[in-house]
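What follows is one structure encoded as structure tokens, with my remarks underneath.
The values are calculated or read from the model by the stated rules, or taken from the named source; none is laboratory data. Just so we're clear, the structure is a prediction, and the values are computed from it rather than from any experiment. Using ideal geometry, Cβ is built from the backbone for each residue, glycine included, and neighbour counts are taken over all protein chains shown. Side chains are part of the model used for accessible areas, which takes the heavy atoms of the whole protein and leaves out ligands, DNA and RNA. Shrake-Rupley method; radii C 1.70, N 1.55, O 1.52, S 1.80 Å.
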Amino acid sequence: QVQLVESGGGLVQPGESLKLSCAASGRIFTIAYVAWHRQAPGKQREFVAGVSRSGTTQYADSVKGRFTISTDNTWNTVYLRMSNLKPEDTAVYFCAALTNGVREWGQGTQVTVSS
């Protein structure tokens with residue numbers, strides 16, 4: 001089993017940057033893929049970015065060129081660097097890890113982009 005804890009959310013103005021962290025613990029060696037998702041009020045949860053053990057990354061079209069997903073060498077922490085933030089990026093951001101075919105979720109961190 002893997003436990004995930006997100007941090008780094010907050011209130012920023014449009015155009016500013018923010019870096020989220022997802023700290024993993026437990027059976028980290030079983031993680032095959034980690035992704036960031038987000039859920040805005042009244043909307044469904046959506047995929048934002050993901051990274052595989054091989055280093056392959058994927059991004060939603062809405063964040064390409066603005067967001068970057070990365071990990072540390074041990075996969076203990078997965079980051080989401082967000083730049084040029086827009087009001088429509090406002091959401092709760094969740095980290096999810098795929099382990100042995102099971103998706104584990106963190107509790108989420110709030111990101112609010114407002115002037």
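Quick notes on this structure:
- Structural descriptor for the chain: relative contact order 38 percent, calculated from alpha carbon pairs under 8 angstrom and at least 6 residues apart.
- Here the average projected area of the convex hull drawn through the C-alpha atoms of the chain stands at 6.6 nm².
- Averaged per residue, the chain has 52 square angstrom of accessible surface, using a 1.4 angstrom probe with ligands and nucleic acids left out.
- Cα-projected label distance for K43 with K64, points at 7 Å along beta-carbon direction, nm: 1.8 nm
- Carbon + sulfur, % of accessible area of the stretch 19-68 - ligands and nucleic acids excluded, 1.4 Å: 50 percent
- Of all aspartates and glutamates in the structure, the ones whose alpha carbon falls short of 20 Å from that of K19, not counting any fewer than 8 places away in one chain, are E6, E46, D61, D72, E88, D89.
- Relative to the compact-globule estimate of 2.2 N^0.38 Å, the Cα radius of gyration of the stretch 9-48 comes out at 1.54.
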